[in-house]
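Notes follow once the structure below has been shown.
What follows is calculated from the coordinates using simple rules that are stated; it is not laboratory data. Computed from a predicted structure; not experimentally measured. Please note: Cβ atoms are built from the backbone with ideal geometry, for glycine as well, and neighbour counts cover all protein chains shown.
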Amino acid sequence: MKWDFLIVGAGFSGLVAGEQLSKSGFRCKIIDKRDHIGGNAYDKFDEAGVLIHPYGPHYFRTNSQRIIEYLSQFTEWSEVAYEIRSFTKNQYWHFPINLNTFEQWLGRESTEEEWSQWLDEHKVPMTSPANSEEVILSQVGWDLYKAFFEQYTLKQWKKHPKELAASVCGRIPIRTNRDNRYLTEEFQALPLDGYTKMMERIIDSSQGLEVELGVDYLADRNRWDSKHIIYTGPIDAFYDYSFGPLPYRSLRFDYESYNQEQLQTREAESGKPGHWQPVLQVNYPDLDVPYTRTVEIKHATKQDIPASTVVREYPEEWTPEKEPFYPVPTQESAELYQKYKELADRDEHVSFIGRLGCYRYYNMDQVVGMALTESQKLIKKYTRI
Ligand code: FAD
Ligand code: UDP
């Protein structure tokens with residue numbers, strides 16, 4: 001056989017698996033239907049010279065030393081405290097909800113004690129929150145849930161928070177202190193030269209790893225001759241949607257670049273020369289605004305350039321022609337995925353990894369961890385033969 005491993009998808013999952021396996025002497029080929037590597041974490045310079053994230057903002061974070069050490073072979077890091085605001089009721093609110101948000105809510109100064117007491121009085125007692133509405137109600141109660149979560153979630157998913165797994169809104173921390181950072185993981189940083197550069201180095205360091213772009217595996221499966229396939233695309237597409245398509249949510253990104261003169265007109269609003277908005281990301285929880293968030297990535301990349309680019313994110317219905325950006329975590333979709341998983345478990349020579357291969361709302365560090373673990377299993381399995 002020409003290849004030991006055919007890897008479908010040149011995102012984080014596929015590249016990390018390719019690096020691990022080729023380092024162990026296996027002949028690996030990675031293919032991707034897009035014309036670039038990096039999957040959804042791909043970044044590039046736009047016409048204004050701004051390093052943008054074309055598939056939505058990607059904020060790297062992790063608690064895993066193993067993953068930091070692994071990726072640090074291919075990149076240096078630029079630490080970032082990702083800061084966002086939520087815009088509703090005509091003002092910018094500190095978000096995730098914390099003591100600073102509470103002071104804005106009250107319109108006066110407060111203390112951690114008063115805030116904790118307020119939360120105790122307002123949160124809805126429940127032992128184990130079963131969905132995304134309950135997970136927020138159980139922490140902050142109705143008023144803050146209604147202001148910041150209910151409509152945003154409806155807009156993003158076209159589903160009520162009650163229909164979504166608790167893990168969806170449960171991603172957002174609620175704090176009693178003044179910590180304004182969006183994320184809680186210990187390590188929060190961007191690859192110093194960007195994700196694409198980091199991924200190019202992963203490929204360059206992997207002797208014999210071949211990458212071919214612009215090829216859809218599903219268009220001609222018989223073309224590839226390998227002992228094992230690692231598939232990081234959507235699992236339902238691999239099985240020709242035999243149990244029906246899994247639900248996904250798609251997005252449309254509208255980019256707008258601003259030059260120095262335009263940015264100068266925004267100084268009062270942004271409070272930060274050379275920037276369009278006050279912080280990296282502004283969330284718009286109200287349904288009358290059609291987009292969910294605006295991101296000005298320059299706040300995080302700290303690029304020194306007399307321009308900036310802002311992206312507005314519009315949630316969209318998914319159809320097979322569109323990108324399946326988000327698996328939709330509901331009870332129904334979990335049951336349907338289980339059927340595909342049972343087929344996958346019987347396919348001894350195919351591994352499904354990554355966000356789409358496993359139909360899980362995974363972050364980048366989680367898919368890197370998964371690719372490392374699966375590669376070790378495969379190395380053992382195929383070294384014995
Ligand atoms: P992908 O990056 O999706 O790569 C899969 C690749 O497979 C794609 O390039 C695709 O073209 C290719 N492919 C699929 N089917 C085929 C086929 N038939 N033939 C050939 N190629 C195929 N994570 C974070 O940690 N922090 C964040 O801030 C963050 N923000 C995000 C924002 C958005 C809008 C989205 C959608 C995701 C975000 N993520 C974030 C998640 C992150 O994108 C994923 O965890 C990670 O990129 C998954 O990597 P992957 O390799 O599994 O999949
Ligand atoms: N969410 C919300 N209001 C916000 C931010 C998030 O209701 O201001 C909910 C929403 O359902 C969203 C989920 O929390 O899909 C997870 O948010 P996160 O920002 O982690 O989403 P991602 O970056 O993965 O799109």
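For region 43-70, the candidate set comprises residues that are under 24 Å from Ala81 (Cβ atoms) and touching a Pro at 6+ places or on another chain (Cβ under 9 Å); within that set, the residue that is nearest to ligand 2 (Cβ to nearest atom) is Phe60.
Look at Phe60 and say whether it is surrounded by 17 or more Cβ atoms within 10 Å (Cβ to Cβ), without any contact (Cβ under 8 Å) to a residue 24 or more places away in the chain, at negative phi and not small (Gly, Ala, Ser). Show your work before the answer.
Details: surrounded by 17 or more Cβ atoms within 10 Å (Cβ to Cβ): yes; without any contact (Cβ under 8 Å) to a residue 24 or more places away in the chain: no; at negative phi: yes; not small (Gly, Ala, Ser): yes.
Criteria not met by Phe60.
Can you find a residue that is free of Cβ contacts under 8 Å to residues at least 60 places away in the same chain, surrounded by 20 or more Cβ atoms within 10 Å (Cβ to Cβ) and away from ligand 2 (no atom under 14 Å from the Cβ) anywhere in region 285-308? Scanning region 285-308, I find at least one residue that is free of Cβ contacts under 8 Å to residues at least 60 places away in the same chain, surrounded by 20 or more Cβ atoms within 10 Å (Cβ to Cβ) and away from ligand 2 (no atom under 14 Å from the Cβ), so the answer is yes.
Every residue, every condition in (1) within 15 Å of ligand 1 (Cβ to nearest atom); (2) of a type outside the set (Lys, Arg); (3) more than 20 Å from Tyr195 (Cβ to Cβ); (4) in a helix (DSSP H, G or I), yes or no:
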| site | (1), (2), (3), (4) |
| --- | --- |
| Glu342 | no, yes, yes, yes |
| Asp345 | no, yes, yes, yes |
| Leu356 | yes, yes, no, yes |
| Tyr359 | yes, yes, yes, no |
| Tyr362 | yes, yes, no, no |
| Asp365 | yes, yes, no, yes |
| Val368 | yes, yes, no, yes |
| Gln376 | no, yes, yes, yes |
| Tyr382 | no, yes, yes, yes |
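Determine, yes or no, whether Ser78 is touching a Pro at 6+ places or on another chain (Cβ under 7 Å) and of a type outside the set (A, V, I, L, M). No, not satisfied.
With respect to (1) more than 16 Å from ligand 2 (Cβ to nearest atom); (2) touching a strand residue (DSSP E or B) at 6+ places or on another chain (Cβ under 7 Å); (3) of a type in the set (D, E, K, R), the lone exception for Glu83 is condition (1). Tell me whether region 158-170 contains one or more residues that are touching a strand residue (DSSP E or B) at 6+ places or on another chain (Cβ under 8 Å) and either more than 13 Å from ligand 1 (Cβ to nearest atom) or of a type outside the set (A, V, I, L, M) (or both). Yes: one or more hits.
Can you spot a residue in region 71-86 that is without any contact (Cβ under 8 Å) to a residue 12 or more places away in the chain and either under 22 Å from Asn180 (Cβ atoms) or of a type in the set (S, T, N, Q) (or both)? Step through it out loud before you land on a result.
Taking region 71-86 first, the residues without any contact (Cβ under 8 Å) to a residue 12 or more places away in the chain are 72.
From the residues that got through so far, the ones that are either under 22 Å from Asn180 (Cβ atoms) or of a type in the set (S, T, N, Q) (or both) too are 72.
Taking every residue of region 71-86 in turn, at least one turns out to be without any contact (Cβ under 8 Å) to a residue 12 or more places away in the chain and either under 22 Å from Asn180 (Cβ atoms) or of a type in the set (S, T, N, Q) (or both).
Residues that are β-branched (Val, Ile, Thr), at least 2 per element: which strands (runs of 3 or more DSSP E) completely within region 1-102 meet that? Fully inside region 1-102 and qualifying: 3-8, 28-32, 84-88.
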